[in-house]
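We did not get these values from a lab; they are worked out from the coordinates using the rules stated. Since we're looking at a predicted model, the values are computed, not measured. Cβ placement follows ideal geometry from the backbone for every residue including glycine, while neighbour counts extend to all protein chains displayed.
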Amino acid sequence: MTSGTVQAEALWYTGAARCAIEVVPVAVPEAGEVLVQTLFSGISRGTEGLVFRGEVPASEWQRMRAPFQAGNFPFPVKYGYANVGRVLEGDSSLAGRTVFSLYPHQSAYVLPKDACMPLPDGVPSQRAVLAANMETALNALWDGKPSPGDHICVVGGGVLGLLTGYLAGRLPGTVVTVVDTNAGRTDIAGALGLRFAAPQEAPADQDLVFHTSATSAGLATALACAGDGTPVIEMSWYGANGVEAPLGADFHCRRLKLISSQVGTIPLERQARWTFRRRLEVALSLLADPVLDCLISHRVAFHDLPERLPDLLNKSSDVLAALVVYDGNPD
């Protein structure tokens, strides 16, 4: 790429269960901006699946906008928030650096330099696409407030649940169990230092429970795993879909707590000290462990996305993290 307006390609969600790659113009970077060529992007199966299926409720069309989304819900929208690329032009402080940004699936783009986070040493560009998920997991631990020695259960063995369990398992003395209906998650949980259980074998009397499965059955399991007085941190977002929560039976007498966790805000008690940039910097640094590569289960060429996305975003597909690879990528 050279100076001057260039043509890039971007993925657009064009209708319910439909998407297409379209050509978009990219302007010359101005002062304080950089031109980035994308190397990889990551697909957020939960949120992007809801966008793809048109399941973002109208009440949330503004709140659920991605930071650099184009278009408006329900369609067409250019949506995504896990992009890793190389700075080609612009501000000299980032020249030639590999950066993470909350940008959608697009081959090249211009952003303010402060919206681009240089990758820390020891974090390769492919693994860095997990940064947005790691940030959500970090935020959930702030909401859950785990302590050393806790017995912790994570219901839902997708990327978000596994990253949440991974972080919780780094606390001294904790015992963390991932619960999922897919027995294929057993080895991955083990690689991350976590126990695995099917729902019918889920441990009871837990000190803290995280729920990430986005299913009514998973929420019921999470509440059943909780010990008396235990908080259940609800990380799932159900979009426009209804959810049954078993709040009868012993929910009240056991004084269970159902607490929402949402990465769009920083917990109130940290807002005076923490910024979104600081949180993202920490999330990126937490990706230095090579074991996390086991979470990237699929690779797909950018130009194959319109054909492959229906399967990748299917709720029943056995996909953890899908890595999108762009043309010209030396890796």
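Can you list, largest first and rounded to whole Å, the semi-axes you get for the chain by taking the square root of 5 times each eigenvalue of its Cα gyration tensor?
35, 21, 18
Fewest first, what order do PHE73, PHE52 take by the number of other Cβ atoms within 10 Å?
In order of increasing Cβ crowding within 10 Å: PHE73, PHE52.
Would you mind ranking THR181, THR98, THR164, THR221 so that the residue whose beta carbon has the fewest other beta carbons within 10 Å leads the list?
Result, fewest neighbours first: THR181, THR98, THR221, THR164.
Order of SER297, SER92, SER213 from fewest to most other C-beta atoms within 10 Å? Working shown, then result.
Details: SER297 15, SER92 9, SER213 24.
With the sparsest Cβ surroundings first, the list reads SER92, SER297, SER213.
If the chain between ASP228 and ASP289 were fully stretched, how many nm would it gain, using 0.36 nm times the residue separation less the Cα-Cα distance? All intermediate terms of the calculation are to be shown ahead of the outcome.
Details: separation 61, 0.36 × 61 = 21.96 nm, distance 3.47 nm.
Extending this stretch completely gives an extra 18.5 nm.
State the extension gain, in nm to one decimal, for the chain segment bounded by LEU268 and ARG97, taking 0.36 nm per residue of separation less the distance between their alpha-carbons.
Here the answer is 58.2 nm.
What is the gain in length, in nm to one decimal, between LEU171 and ASP121 on full extension, counting 0.36 nm per residue of separation less the C-alpha to C-alpha distance? Write down the numbers at each step before the final one.
Values: separation 50, 0.36 × 50 = 18.00 nm, distance 2.35 nm.
Gain in length upon complete extension: 15.7 nm.
Straight distance only, please: which lysines reach the Cα of LYS257 with their own Cα at less than 22 Å, same-chain residues fewer than 8 apart left out?
Qualifying lysines at Cα under 22 Å: LYS145.
Work out the FRET efficiency for LEU247 and SER317 from their Cβ-Cβ distance, taking R0 = 35 Å, and round it to the nearest 0.05.
Computed FRET efficiency for LEU247 and SER317 comes out at 0.65.
Restricting to DSSP H runs of at least four residues, report the calculated mean residue ellipticity at 222 nm for the chain, -39500 (n - 2.57) per run over all residues, nearest 500 deg cm²/dmol.
-6000 deg cm²/dmol
Which of the lysines could a cross-linker span from LYS113 if the Cα-Cα distance has to be under 22 Å and same-chain partners fewer than 8 positions apart are dropped?
Output for LYS113: LYS78.
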